[in-house]
Amino acid sequence: MKNRILEELKSNNGQAVSGEDISKKLGISRTAVWKHIKKLRGEGYVIESQTNSGYKLIENPDILSLSELEPFLYTGFIGRSIIYLDNVTSTNTYAKKAAEEPFEEGTVIIAEEQTAGKGRLGRLWVSPKGKGIWMTIMLKPDILPVDAPKLTIAAAHAVVKAFLRCCRLDARIKWPNDITVGSKKICGILTEMSAEGDEIKYVVIGIGINANIGLEDFGPEISNIATSVKLESGRCVSRKALAASVLNEFEEVYKAFVRDGSIRSFLNEYKDKSAVLGKEIRIISKKEEITGFALDISEEGHLVVRLADGSVRDIMSGEVSVRGVHEYI
Ligand code: BTN
């Protein structure tokens with residue numbers, strides 16, 4: 001009902017609409033209308049009350065609810081169902097629980113704040129309220145579990161395209177899951193999956209974008225290794241426009257991936273944005289630590305590395321640091 005009232009206010013193009021008209025149209029009491037208006041104000045909508053003419057919407061907040069994202073969304077199914085939360089421990093944890101029940105492919109969990117945002121390798125992901133885009137896309141792709149990491153490649157590609165389109169920010173991909181500007185991280189991706197044998201039950205792709213985070217939010221330690229769109233461009237970005245842009249770009253890439261069963265159609269473009277190719281790197285995985293020269297990214301989504309002894313290795317996962325530029329761990 002609150003959203004229907006919001007639609008009434010929005011469709012009136014900045015003109016006031018009377019509480020009585022809304023109450024008649026939606027079949028609720030004027031007191032109920034007033035209560036919903038109060039809630040909307042609590043969410044940041046600036047709504048003026050005029051004694052004779054009613055309620056007038058003055059300003060929309062930059063929040064990530066479906067009604068705010070919708071005008072920017074061009075997707076068929078990604079983000080068409082949104083679970084919008086004021087705060088949550090982690091959108092990935094929430095999504096994994098939700099995915100135990102039947103769900104609409106492309107459902108997105110978005111929160112204004114995460115109190116226990118998860119990074120890779122059990123790290124904490126700083127997710128202050130209203131300053132970033134903390135969201136998880138829920139998917140059920142008809143692919144083999146072994147191919148699921150390619151979805152991280154697809155998501156990273158989509159994020160970089162959205163940065164360029166929406167913020168004119170030329171970001172790079174530090175394989176497999178970091179998006180960087182210069183030597184600092186601006187976005188991280190955490191893909192998690194549940195599978196039984198050869199069948200994927202679900203894949204959730206968590207995307208954390210440091211949108212309007214300031215140095216004071218990061219603290220001195222993290223600000224050496226992390227950045228935000230605001231810090232890079234010197235101004236705040238519209239989170240709703242950027243979030244929708246990521247979802248728009250992701251749907252394109254995801255459709256191509258599912259259609260071809262491969263990342264082939266966007267691999268070259270992805271490689272052009274790589275922060276690691278052609279560089280001396282160090283890779284830390286659970287099993288080992290190796291150094292070498294990053295030669296290529298294969299159609300499997302693996303990093304192809306030439307080691308010091310001249311041999312060539314296919315690396316499936318790990319934490320990469322570009323030597324001499326920044327040690328990540
Ligand atoms: C990393 O680079 O280590 C991955 C970071 C992923 C952060 C995002 S924020 C939205 C989603 N929910 C989480 O708890 N984590 C991911």
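The values are calculated or read from the model by the stated rules, or taken from the named source; none is laboratory data. The model shown is predicted, which means the values in this text are computed figures rather than measured ones. Ideal geometry is used to build each Cβ from the backbone, glycine not excepted, and the neighbour counts take in all protein chains shown. The protein model used for the area step is the full one, side chains on, heavy atoms only, and it has no ligands, DNA or RNA in it. Shrake-Rupley method; radii C 1.70, N 1.55, O 1.52, S 1.80 Å.
What the table shows:
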{"item": "P(r), alpha carbons of the chain - 10 Å bins starting at zero, rounded %", "result": "6, 24, 31, 22, 10, 5, 2, 0, 0"}
{"item": "For region 143-221, the Rg and Dmax computed from alpha carbons only, in angstrom", "result": "14.8, 46"}
{"item": "Extension gain, E299 back to S265 (0.36 nm per residue minus Cα-Cα distance, nm)", "result": "11.3 nm"}
{"item": "For S18, distant residues with modelled amide H under 5 Å away", "result": "Y55"}
{"item": "Environment charge at G27 (Cβ cut-off 13 Å; Lys +1, Arg +1, Asp -1, Glu -1)", "result": "+1"}
{"item": "Percent RCO, i.e. relative contact order, over the chain, from Cα pairs under 8 Å lying at least 6 residues apart", "result": "13 percent"}
{"item": "Estimated FRET transfer efficiency when R0 is 56 angstrom, pair A195-S49 (beta carbons, to 0.05)", "result": "0.55"}
{"item": "Contour excess over end-to-end distance, with Cα ends at E7 and E288 and 0.36 nm allotted per residue", "result": "95.6 nm"}
{"item": "10 Å beta-carbon shell around M138, net charge (K/R +1, D/E -1)", "result": "0"}
{"item": "Cα-centred dipole magnitude for the chain, charges only on beta-carbon of K, R (+1) and D, E (-1), debye, nearest 20", "result": "840 debye"}
{"item": "Antiparallel bridge percentage (DSSP; both residues within region 138-245; nearest 5)", "result": "95 percent"}
{"item": "Contour excess over end-to-end distance, with Cα ends at E101 and N224 and 0.36 nm allotted per residue", "result": "40.2 nm"}
{"item": "DSSP beta bridge pairing in region 243-329, given as percent antiparallel to the nearest 5", "result": "100 percent"}
{"item": "Integer Hz, Karplus 6.51/-1.76/1.60 couplings in order for region 244-256, x for Gly and Pro", "result": "5, 5, 4, 5, 4, 5, 5, 4, 4, 5, 5, 4, 5"}
{"item": "log10 of Debye I(q)/I(0), alpha-carbon scatterers only, for region 206-323 at 0.09, 0.19, 0.23, 0.24 Å⁻¹", "result": "-0.36, -1.15, -1.19, -1.21"}
{"item": "Fraction of accessible area attributable to carbon and sulfur, region 227-329 (%, probe 1.4 Å)", "result": "47 percent"}
{"item": "Dipole-positive endmost among H36, G14, G54 within region 12-56 (Cβ charges, Cα centre)", "result": "H36"}
{"item": "Listed peptides 176-183, 267-274, 67-74 by packing density, highest first (mean Cβ within 10 Å)", "result": "176-183, 67-74, 267-274"}
{"item": "Charge dipole (the chain, unit charges on Cβ, about Cα centre) - positive-most of T115, Y45, Y94", "result": "Y45"}
{"item": "Over the chain: helical MRE at 222 nm, DSSP H runs n ≥ 4 each giving -39500 (n - 2.57), nearest 500", "result": "-9500 deg cm²/dmol"}
{"item": "Surface per residue (accessible, 1.4 Å probe) for the chain, Å²", "result": "47 Å²"}
{"item": "Of all DSSP beta bridges in the chain, antiparallel share, percent nearest 5", "result": "85 percent"}
